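Remarks on the structure that follows.
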Amino acid sequence: MEKEEAKRLFKKLKIRTLLDLALILPATYEDRRLSQELIPSKEHVLQVKVISTRNSGGKLYATLYMTAFNQQIDAIFFKATAYHLKTFAVGANLVVSGRVTTFKGNLQLTQPKSISQYGVVIPKYRVKVIKESQMRALIQKYLNKNLLLKEGLTDKEADTLLKLHFPDRYNFEISKEGLSDEITQILKFIESFNHIKKLKSKKEFYPAISRLDNDPGDFISSLPFELTSDQWRAISDIRKDLLQTDRAAKRVIIGDVGSGKTIVILASAVMAKGKGAVLMAPTSILCKQIYEEALKFLPKDMKIALVMQGSMEGDYRNADFVIGTHALLYLDDLPKASLVMVDEQHRFGTNQRAMLEAMVSKGEKRPHYLQFSATPIPRTQAMMESEMIDVSLIEHTPFEKLIHTEVIGKKDFKRLLAHIESELKQNHQILIVYPLVESSEEIPYQSIDEARGFWEKRYDGVYVTHGKDKNKEKVLQEFRDKGKILLATTVIEVGISLPQLTTIVIVGAERLGLATLHQLRGRVGRNGLESRCFLYTNKPDSKRLAQFAKTTNGFDIAKLDLKYRASGDILDGTIQSGQKFKWLDLAEDEHIIEEAKRRIRYIESN
């Protein structure tokens, strides 16, 4: 096979490494070894001689003598062609494959095929984008032990892959029960090892604009509360990053809802004091909340500015810390900054994040770059992703959230109303999340439009908003200040802090992913108030919802989520959305990922 042809095929298969190729394992194997015994209703490969033939009504009947078994077998061809008449001529010696059955007490072969290649086991790859013969040619040309060892595999790992691709060469018997546990574990390791190596190859380094060496110690000491150990660890990780000059930091800080990421953002801004820090957040409400926290807690000599569409506070041209929405991207004179932060980073497109970074860069030098996300991921995924981008996890919240979660249905509606009325009497707020704004025949739940009349007739202070509502931020702020019940879609998932919110009802909960349900539930109990989350569903026996109701830890839920769906990207496009590992289980195989990382570190250090 020519090199250019191979490159073209690799591109079609989306292959970047030798292990990518090696991990495309045969889907099945065609056993063309001569059969050692006759078992009715099984496929056989037989050495035969044609004894006699008979044509009748377009069918061909043949009597064959099986050399190895010293007995005859009948063969039938339902649509005999010239090829069959010529191939199965009397006296011909052939090797045939076909299913052996019994008919009227006699052994029979139905529509057997004459084969020239026999005595071998042929792997069948069944890849859709290239031909079977092309796939086999790539395997034959590029897969050998020396190259696999050069990739960093052990003898045993390389031999395992080669056995699966070349069973004849290695006298490897393919079990009808599937692969053994030992082989499966080896494949999991190789898949993990290959993926981590690819992530490492994507890691890019740029010189930093500046070393940021302000000590955040005095700022932290001035806070009227103690930081959690996870907050301390994240701040410590960032401090080490920002002290570097040879390369600009690139770190993602993943914290559960209410885990105190804002204080980590403010501590980072303190470290950059005098050299410029910019934070971009997805909504005006979120920006205002962070701005208010900054005014409240940051040192009084720090200049802070807020930039939003049609609204500004402070002088962003001379500020130590600029907080803004994507309106920042439309400023002609945003000053150079040594630190860029993006909150709820997955809410921005890659281009928007890159634009902000480019706006404040100086030539080849880049700002230190911190991303913050409130979408927890499984620890196993974080372990992998940290090979491309540094990761800090904030797993524990500053206070224990008292949120009781319950799966309910139609029969529980009266009880739900009684609970809502009890909460309203205590001046607590209620959030009801509907699956859609307008009615739909496809979704068996009320929409906001259908439900609002019931709530507005029954209660005062009912507010309504949704994703297409241009005034949603104003509605949310009004509700926070004086509302009682808010009807919304999942637009409420991220952002506004509603301190008096103690009850959330999620209608059609089974339709949402566990990560989204967790984000929604995170809207309640923000100030330590005992709260409730009701998962309203027409499928109250859902195991998934029942398991979700048992834990409020976002990282445990992320792990649980993996059991019900493919893992998706949340770290800046690193893993393709919906990426499925064929062997590796991200929910369970932490020890294998750790072992793969250790192997890679050992290879790099030698």
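The values are calculated or read from the model by the stated rules, or taken from the named source; none is laboratory data. In this text, all values refer to a predicted model and were calculated from it rather than measured experimentally. A quick note on method: Cβ atoms are made from the backbone with ideal geometry, for glycine too, and the neighbour counts reach across all protein chains shown.
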- List every residue pair whose Cβ atoms lie under 8 Å apart, where the two residues are 6 or more positions apart in sequence or sit on different chains, the first residue falls within segment 468-483 and is among the small types (G, A, S), and the second residue, located anywhere, is surrounded by 15 or more Cβ atoms within 10 Å (Cβ to Cβ). G483/Q429; G483/G461; G483/V462; G483/Y463
- Kindly check whether there is at least one residue in segment 25-38 that is in a strand (DSSP E or B), polar (S, T, N, Q) and either within 30 Å of K197 (Cβ to Cβ) or modelled with pLDDT of 95 or more (or both). yes
- Determine, yes or no, whether I209 is crowded, with 20+ Cβ neighbours inside 10 Å, within 15 Å of A596 (Cβ to Cβ) and outside the structural domain of Q381 (by TED's automatic domain parsing). no
- Task: Give me the pairs, please: first residue somewhere in segment 205-220 and more than 24 Å from K300 (Cα to Cα), second residue anywhere and among the hydroxyl-bearing types (S, T, Y), beta-carbon distance under 6 Å, and either six or more positions apart or on two chains.
- Result: A208/T245; I209/S338
- Query: When you scan segment 174-206, how many residues do you find that are closer than 30 Å to D246 by Cα, surrounded by fewer than 20 Cβ atoms within 10 Å (Cβ to Cβ) and of a type outside the set (D, E)?
  - Reply: 9
- Query: Is at least one residue of segment 434-448 closer than 28 Å to L562 by Cβ, touching a strand residue (DSSP E or B) at 6+ places or on another chain (Cβ under 9 Å) and not aromatic (F, W, Y)?
  - Reply: yes
- Query: Being of a type in the set (G, A, S), over 23 Å from D159 (Cα atoms) and surrounded by 15 or more Cβ atoms within 10 Å (Cβ to Cβ), is that true of even one residue in segment 10-22?
  - Reply: no
- Over segment 245-259, the set of residues of a type outside the set (A, V, I, L, M) and assigned to a loop (DSSP other than H, G, I, E, B) is T245, D246, R247, D256, G258, S259
- Quick one: in segment 361-377, which of the residues that are among the charged types (D, E, K, R) and part of a strand (DSSP E or B) is surrounded by the fewest Cβ atoms within 10 Å (Cβ to Cβ)? K362
- Please find, among F219, F189, the residue that is in a helix (DSSP H, G or I), at pLDDT 95 or above and in contact with a Pro (Cβ under 7 Å, 6 or more places away or on another chain). F219
- Query: Of all the residues that make up segment 50-65, how many are surrounded by fewer than 14 Cβ atoms within 10 Å (Cβ to Cβ) and in contact (Cβ under 8 Å) with a residue 24 or more places away in the chain?
  - Reply: 3
- Cβ pairs under 9 Å, 6+ apart or interchain, first in segment 532-559 and within 14 Å of D412 (Cβ to Cβ), second among the aromatic types (F, W, Y) and surrounded by 23 or more Cβ atoms within 10 Å (Cβ to Cβ), ordered by first then second residue, are L535/F548
- Looking only at segment 342-353, and only at residues there that are surrounded by fewer than 24 Cβ atoms within 10 Å (Cβ to Cβ) and of a type in the set (D, E, K, R), the one that is modelled with the lowest pLDDT: R347
- Sort through L356, L334, L339, L328 and tell me the only one that's within 13 Å of A249 (Cα to Cα) and either surrounded by 21 or more Cβ atoms within 10 Å (Cβ to Cβ) or outside the structural domain of A515 (by TED's automatic domain parsing) (or both). L339
- Note on the structure: Taking segment 154-173 and keeping residues crowded, with 16+ Cβ neighbours inside 10 Å and acidic (D, E) leaves E157, D159
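From the list V127, V100, V95, which residue is within 27 Å of F172 (Cβ to Cβ), surrounded by 14 or more Cβ atoms within 10 Å (Cβ to Cβ) and touching a helix residue (DSSP H, G or I) at 6+ places or on another chain (Cβ under 9 Å)? Break it down stepwise before answering.
Details: V100 fails: touching a helix residue (DSSP H, G or I) at 6+ places or on another chain (Cβ under 9 Å); V95 fails: touching a helix residue (DSSP H, G or I) at 6+ places or on another chain (Cβ under 9 Å).
Of V127, V100, V95, the one residue that is within 27 Å of F172 (Cβ to Cβ), surrounded by 14 or more Cβ atoms within 10 Å (Cβ to Cβ) and touching a helix residue (DSSP H, G or I) at 6+ places or on another chain (Cβ under 9 Å) is V127.
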- Query: Mind checking which residues of segment 251-281 are of a type in the set (A, V, I, L, M) and under 22 Å from the mean Cα position of the chain (by Cα)?
  - Reply: V252, I253, I254, V257
